[in-house]
Amino acid sequence: MTQDVQVTDPFEGSTADATETAGPAPRWTLARVMGPVVAVVTVGAALLVPLTGNLYYMDLVQLIALYYVVVAGLNVVSGYAGQLSVGHGALFGAGAYISAILTTRYDQPFWVGFVGAVVGVLVMGLMLGVPSLRLAHLYFAMMTLGFAIVFSQVLLNWQAVTGGYLGIIGVPPVSLFGQDLRGDQLYYFIVGFAVVAGLLVTLVLRGRRGLWWRIVHDDEVSARAIGLSPSRSKLTAFAISAVLAGAAGSVYASFILVLQPDTFDLHLGLVLLVMMLLGGSGSLWGPLIGVPLMLLIDNLAPSGTATYAVGAALIVLTILMPRGAAGLVAVLSDRIQERRMGSVVTAVPNISGPNERQPVPRDSATILEGSGLKKRYGGVAALDGVDLVARAGSVHAVIGPNGCGKTTLLNVLLGLARSEEGAVRLEGEDVTRRSAQYGARRGIGRTFQQPRLSPELTVWENVYAAATAPGPEGDPARRAHEALATAGVTHLAHRKAADIPHAILRFVEIARVLSRRPTVVLMDEPAGGLTGEALSSLGALIATMRAQGVAIVLVEHNVPFVMGAADEVSVMESGRMIAHGGPAEIRRNPAVIAAYLGS
């Protein structure tokens, strides 16, 4: 999966806080430069084709331009949002038929057919997307496959509207300001249409929404924990892709002038999918490569063997180029960048906490409260009447043996799991039945046992995506900048998360949480795998958060670390709280010693 999302980055060119291990961050990379180069070369070549006077080449370029628009939209929903669709050929065909029907049977001008196609396909996309986007990836693909099959049958059998096997003949050409566009005029219009569509897609994907889709694509739980709604994000992506398919279909109808149902069969949907994969799924410029390559394969294949050619292309692609053409460039770019920046990151953040640990005021406000929480999984009671209070500027640790319900407690407090009884209150508001994204938007932060970051995004992109997600106010870039500095990972801003060791990813994940200015942070075993300096830095970072007034619920197995960091400690066993008190009191509690600490 190729990643080339780019956003405004205040660290661009900065060497502040850089270490010898990380090295200086390059301003440009091969993968970053390749997109504009491919776009300029492609558009430049397209503009020169009419000078050859070859009508076949002109028609081929116009087909490439129209298919590019469809594949760019498919890339949004499948490459970025992660919902595999094999029904975009049907959406493309729906746009073509709606426009043709309006302009032939109802004698409407081209622009009415264009708007009708866009609106009609958008409605189809929403009708298809709303019930199906909650499905897992495979089932969504099956849903779109079913849609494509049904659509092809509608074209064949609804003869009064679609013309059946004969299709629609005599579609009026593109007309602007009362003038029909033909020859070079039509050619430049279609190329311009593709350029405008490509620029709009680029603006969306290079902005915060492109990052959100990538986060949702990689980990929906992580997305919800930073305030994103996966279903809404995927629906938005599908709607955008449907609009692009409908618009391209309308222009296609007025370009080809004759519509036949077999043009929009399942084969077209597979061809569009291969075009996206061939160029590189999730790459901005991948469709610019994949569309002409696939059309070349499709056109050069002997008559009657086009489907075999598509199948062969899929096999070769899977074996030799699983990440497409853009993926090959990305691999080469990563190797060049490793040589420039250093391939290994080993330096842990060096964080100094507050000079003195101030006691928690008695009147410290209650930020998050769970009371009487119960949660069962089958016959197992993960939570059985659990109470917990997190106060501003305090660390409430929860310890206990594996499987006692600690992680379930955090999930219920955030909203990733629903409590069957009891209540969760956030600053006095009952959020028991609220979603995790609602809790995140209201100020709950969450880290996980294993850092859940998007591996192909940089540290900056992971943190900035969280900062821009709905909820917190203020400049997101400034919040992201400050969070990276607080967590001591500013020098890693340009590194991909996949290239960073587990111990340091802990601090990146905390930086992502801090970028949202949380009032309470739920931390699930943050000290897992940390030793020495890394463990000391984590303790200092938690102390810094505490001093800033953040309420912290700390689930942890490292008892010495807990006793040094916590203001109060609760002990769980088999879904119940068996003890609560200060660290010293818990150390002496006979029930705790027997159940967990040991002698």
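Brief remarks on what is shown
Residue by residue, here is whether (1) in contact (Cβ under 8 Å) with a residue 40 or more places away in the chain; (2) closer than 17 Å to V77 by Cβ; (3) of a type in the set (S, T, N, Q); (4) buried (at least 19 other Cβ atoms within 10 Å of the Cβ) holds:
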| residue | (1), (2), (3), (4) |
| --- | --- |
| Y252 | yes, no, no, yes |
| V258 | yes, no, no, no |
| F264 | yes, no, no, yes |
| L268 | yes, yes, no, yes |
| M275 | yes, yes, no, yes |
| L284 | yes, yes, no, yes |
| L296 | no, no, no, no |
| A309 | no, no, no, no |
| L317 | yes, no, no, no |
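- One residue alone among E456, E473, E461 is under 30 Å from S333 (Cα atoms) and outside any helix (DSSP H, G or I), and that residue is E456.
- All of (1) modelled with pLDDT of 95 or more; (2) among the aliphatic types (A, V, I, L, M); (3) open to solvent by 40 Å² or more (accessible area, probe 1.4 Å); (4) closer than 23 Å to L273 by Cα hold for L102 with one exception: (4).
The rows are residues; the columns are (1) modelled with pLDDT of 90 or more; (2) under 17 Å from G393 (Cα atoms).
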{"residue": "M563", "(1), (2)": "yes, yes"}
{"residue": "A579", "(1), (2)": "yes, no"}
{"residue": "P583", "(1), (2)": "yes, yes"}
{"residue": "R587", "(1), (2)": "no, no"}
{"residue": "A594", "(1), (2)": "no, no"}
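- Restricting attention to segment 360-414, the residues that are polar (S, T, N, Q) and more than 23 Å from G549 (Cα to Cα) total 3.
- Taking the criterion of being part of a helix (DSSP H, G or I) and free of Cβ contacts under 8 Å to residues at least 40 places away in the same chain, the residues of segment 298-307 that qualify are D298, L300, A306.
- V463 buried (at least 21 other Cβ atoms within 10 Å of the Cβ), out of contact with any helix residue (DSSP H, G or I) (no Cβ under 8 Å at 6 or more places or on another chain) and in contact (Cβ under 8 Å) with a residue 40 or more places away in the chain: no
- Residues that are open to solvent by less than 30 Å² (accessible area, probe 1.4 Å) and of a type outside the set (A, V, I, L, M, F, W, C), drawn from segment 354-371: S364, G370
- When residues in segment 32-59 are screened for being assigned to a helix (DSSP H, G or I) and open to solvent by 40 Å² or more (accessible area, probe 1.4 Å), 18 of them pass.
- Residue under evaluation R588, criteria (1) under 30 Å from E421 (Cα atoms); (2) of a type outside the set (A, V, I, L, M, F, W, C); (3) more than 28 Å from the chain's Cα centre (by Cα), criterion not met: (1)
Conditions tested, residue by residue: (1) in the same structural domain as V40 (by TED's automatic domain parsing); (2) assigned to a helix (DSSP H, G or I); (3) over 19 Å from A45 (Cβ atoms).
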site	(1), (2), (3)
D262	yes, yes, yes
H267	yes, yes, yes
L270	yes, yes, yes
L273	yes, yes, yes
M276	yes, yes, yes
G282	yes, no, yes
L288	yes, yes, no
L293	yes, yes, no
L296	yes, yes, no
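- Restricting segment 429-453 to residues that are open to solvent by less than 20 Å² (accessible area, probe 1.4 Å) and part of a loop (DSSP other than H, G, I, E, B), the residue that is nearest to R418 (Cα to Cα): T432
- Filter pass, T29 being of a type outside the set (A, V, I, L, M, F, W, C), open to solvent by 50 Å² or more (accessible area, probe 1.4 Å) and at pLDDT below 95: no
- All helices (runs of 4 or more DSSP H) inside segment 116-233 with 2 or more residues being free of Cβ contacts under 8 Å to residues at least 12 places away in the same chain, more than 15 Å from S85 (Cβ to Cβ) and open to solvent by 20 Å² or more (accessible area, probe 1.4 Å): 137-157, 159-162, 183-205
- Residue satisfying all of: in segment 467-497; among the hydroxyl-bearing types (S, T, Y) and over 19 Å from the mean Cα position of the chain (by Cα); surrounded by the most Cβ atoms within 10 Å (Cβ to Cβ) among these: T490
The values are calculated or read from the model by the stated rules, or taken from the named source; none is laboratory data. Only a predicted model underlies this, so the values are computations on that prediction, with no experimental measurement involved. With ideal geometry, Cβ positions are generated from the backbone for all residues, glycine too; neighbour counts draw on all protein chains shown. With ligands, DNA and RNA removed, areas are computed over all heavy atoms of the protein, side chains included. Shrake-Rupley method; radii C 1.70, N 1.55, O 1.52, S 1.80 Å.
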